[in-house]
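Data first, discussion second: the structure below is written as structure tokens.
Only the coordinates and a few stated rules stand behind these numbers; no lab work does. None of these values were measured; they are calculated from a predicted model. We place every Cβ from the backbone using ideal geometry, glycine too, and count neighbours over all the protein chains shown.
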Amino acid sequence: MTNEREAAVSRLLKPRSIALVGAQPEPASLGGAVLANLQRFGFSGDLHLVSRSRTEIGGRPCVGTIDALPEGIDVVVLVVPAAAIADAVSACVRRKAGAAVIFASGFGEAGEDGKEAQGRIARTARDGNLALLGPNCLGLVNYAARIPLTFEVLGEPAALAGPGIGVIAQSGAMAGTIRYALTGKGLPVSHVVSTGNEADLGAEDFLGYLVDDDATSAITLFLEQIRRPKRFLALAARARQRGKPIVLLHPGRSAKAREAAQSHTGALAGDYEVMRTLLGREAVVLVDTLDELFDTSALLHRYPRPPALGAAVLTNSGAFRGLTLDFAEEFGLPLPEIAETTKSDLAAVLPPLAVPDNPLDVTTGGMTNPDLFGASARALLADPAVGSLVVSVIGGGPRQQMDKARSLIPVLQASEKPVVLVYMGDESPLDADCATFIRQSGVPFLRSPDRALRSMARIAAFGRALAAPRAPALTVTAPPLPAPGIVPEYRAKEILASLGIPAPASALARSPEEACAIAARIGYPVVLKAQAASLPHKSDAGGVIAGIDNEAALVIGWQKLHADVRSARPDVTLDGVLVEAMARRGTELILGARRDEDWEPVLVVGLGGVWAEALGDVRLLPADASEEEIIAALKALKGARLLLGFRGTPAIDLKAVAQVAAMLGGLIRATPRIAELEINPLMAYEKGALALDALMVVTPAP
């Protein structure tokens, strides 16, 4: 099926025959605009026009219906109203067309009736081997092959001198906006595809084509929904292997986690964060704003394989140097310490008051000696610790702007490391000759230092993702699982114990006498925990009593626990009460794993206990993350200082914590029926860690 879809996409993007249904001579009409684009792009294949009111347009003959077309046309462009689409799609199937482009709106985006109508045309097309683009789309443009299948009015296409940026957007407006932004920067664009409602072909189908397309250097995406996440992940992995950057803007960061989640892990691992985690592993660059989308795409088109290093910053403003330190921390852009040899090289050209450092302020020395800018940039770029360079300067008057450009451009143009040049001042006047000189050089140019640093932070993260080693994932043997549903703590801990995950000594009691015997065996003090599948959060119902240090207190505690649970949850029947040895105090963490129904499983690590809910200080990782990756994620927590030794408390055993997390990841990967599992808290110590509570959710067998 995948091969059939790939063939359909290739036929749609590079058709040898096109039929335009709803052709009109007036350029202002939709049908006229499509026809004018085809003529302007010089389409040399077979072009068939369908018009109910005309027998010819511009000397080209027209037929009155789709049924009058020859069989086997590659693409039929349907410029007809929504009410006529169903009949038109059926006619395309009868004529054995390869694909149809549907511009009309009023389908899946317009309520239940529209969804049903869209489903009907999709089924008709699928049964007839007809690929559909749309409905509710702007169409597509293949600039590399000079194929415009859109009603958007396009100018004369420029010949591509080399590979360009491929653009895919579900929104037609965004597809056009991105194209305008990129071409406005002087960047080549290979393809623009608006997929609309994706009744049939979707973003993943076109992404697969662009990943393997030699005319495409980088891929820019605006997607409101990824409909086939696992396919998308596989394509992202292929792009990563080929070194082809993918930049994605995906609205939805504020979406709430699924309400059905039973664990803190499920609530903390929302859909957007799962997507960000898994795509980030495959080096997909997720950006947060349209500006970042434009700027990062431009940089990655020019520098598709950036080093896994931080940036140097060169300026002529001491104030901006200070701002850079704040921006870099906020954006996650490392500013490496430059080498002593670099400092010596800089000291040889800088004025006496300038301090050779990163960020580097050349002070006012550049006003009288503009060569200082190029010499400083050259020294910074030569430093082995520097992976990229942001030059953000005050341009000054027209002559000063050009002097800086003449000094900097040859150095920046020759750099294999990513560079961006900024003349600060927003919309302040820029000398026309200077602007032309910079534009023709091909050096990335911005007026906003904030945008430059943000996009360079994305570039640095992309470089790190490309260079990140893939350690073999931990493999575990899938254990037998209990009945579907929420698994009580005592059963969940049995499963975890089979993996070697330590927990305090415990046993299930069904009477106070049995509880006393267990406590005598494992030793006081103990904690009592109510156990039932329908009581995943025991404390909320009074189902946990801690600090019991003798038999009399245990009997009283037993009675109180049962009374409190009956009062709070009269519907619950307990399996029994877990009698567990009290663990000594340590640092509480949360470790969890969640199987997303669309994506792949993820791990959650963070501060545990009440902090998990109150602060949400967690990090997500792919479920096959290595111990080294897990330790790095723990160190990246906001509360990491609590783990590394704080105010006299010892540092925790990060390796022991990482081993437990890796086991959870291995378990959820090996056992597809586990939907969620969580240890909260995991009590971590200077040496070792203990699982104090466990929750597991099991789904029915397929």
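Quick notes on this structure:
- Between amide H atoms placed 1.01 Å from N, distances below 5 Å from residue 248 occur with 221, 285, 286, 287, all of them 5 or more places distant or on a separate chain.
- Euclidean distance of C-alpha centroids, the range 442-463 and the range 268-323, integer Å: 7
- Backbone geometry of the range 211-223 corresponds, through the Karplus equation with coefficients 6.51, -1.76 and 1.60 at θ = phi - 60°, to 3J(HN,Hα) couplings of 4, 9, 7, 5, 7, 10, 8, 8, 10, 10, 10, 10, 10 Hz, x marking Gly and Pro.
- The calculated FRET efficiency for residue 699 paired with residue 497, based on their beta-carbon distance and R0 = 25 Å, is about 0.70.
- Here the Karplus curve 6.51 cos²θ - 1.76 cosθ + 1.60, taken at θ = phi - 60°, turns the phi angles of the range 311-317 into couplings of 10, 9, 10, 10, 8, 10, 9 Hz, with x standing for Gly and Pro.
- Available extension along the chain between residue 116 and residue 4 is 37.8 nm, counting 0.36 nm per residue and deducting the alpha carbon span.
- Between helix 112-127 and the chain: long-axis angle, C-alpha atoms, 0 to 90°, nearest 10: 70
- The chain - share of DSSP beta bridges that are antiparallel (%, nearest 5): 50
- Positive-end extreme of charge dipole, the chain - chosen from 539, 519, 197 (charges on Cβ): 197
- Here the Debye sum runs over all C-alpha atoms of the range 1-134 as equal scatterers in vacuum, and log10 of I(q)/I(0) at q = 0.09, 0.17 Å⁻¹ comes out as -0.25, -0.90.
- Take each peptide in 522-534, 212-224, count the other Cβ atoms within 10 Å of every residue, and average; sorted highest first, the result is 212-224, 522-534.
- Loop-located chymotrypsin sites (Phe, Trp or Tyr not before Pro) in the range 608-702 (DSSP state other than H, G, I, E, B) with a sparse environment of at most 14 neighbouring Cβ atoms within 10 Å: 646.
- Rh by Kirkwood over Cα pairs, then Stokes-Einstein D for the range 587-698 at 0.692 mPa s and 37 °C, µm²/s: 239
- With respect to the chain, whose longest principal axis is taken over its alpha-carbon atoms, helix 512-522 is tilted by about 80°.
- Structure-derived Rg and Dmax of the Cα atoms in Å: which label, when the choices are (1) 31.3, 103; (2) 25.5, 87; (3) 37.8, 137: (1)
- Förster-model FRET efficiency, 45 Å R0, residue 159 and residue 632, C-beta, rounded to 0.05: 0.45
- Per-peptide average of other Cβ atoms within 10 Å, ordering 456-466, 567-577, 328-338 highest first: 456-466, 328-338, 567-577
- Note on 143, 490: ascending count of other Cβ atoms within 10 Å places them as 490, 143, the fewest first.
- Inter-site label distance for residue 615 and residue 510 at 7 Å from Cα along Cβ, in nm: 4.3
- Between amide H atoms placed 1.01 Å from N, distances below 5 Å from residue 445 occur with 421, all of them 5 or more places distant or on a separate chain.
- Reducing the range 188-250 and the range 556-617 to their Cα centroids gives an inter-centroid distance of 41 Å.
- Computed extension gain for residue 670 through residue 84, at 0.36 nm per residue and net of the alpha carbon distance, reaches 205.9 nm.
- For the listed peptides 411-417, 72-78, a ranking on the average number of other beta carbons within 10 Å per residue, highest first, reads 72-78, 411-417.
- Between helix 2-13 and the chain: long-axis angle, C-alpha atoms, 0 to 90°, nearest 10: 30
- Compactness of the range 305-467 - radius of gyration and Dmax, Cα, Å: 14.5, 43
- Above-threshold pairs, the threshold being 20 Å between Cα atoms, out of 14/96; 655/687; 538/560; 343/404; 14/115; 529/560: 343/404; 14/115
- The mean of 1/r over all pairs of different alpha-carbon atoms in the range 505-581, once inverted, gives a Kirkwood hydrodynamic radius of 12.0 Å.
- Rounded to the nearest 0.05, the FRET efficiency derived from the C-beta distance between residue 483 and residue 308 at R0 = 60 Å is 0.80.
- Mean-position separation - Cα centroids, the range 467-535 and the range 650-674, in angstrom: 15
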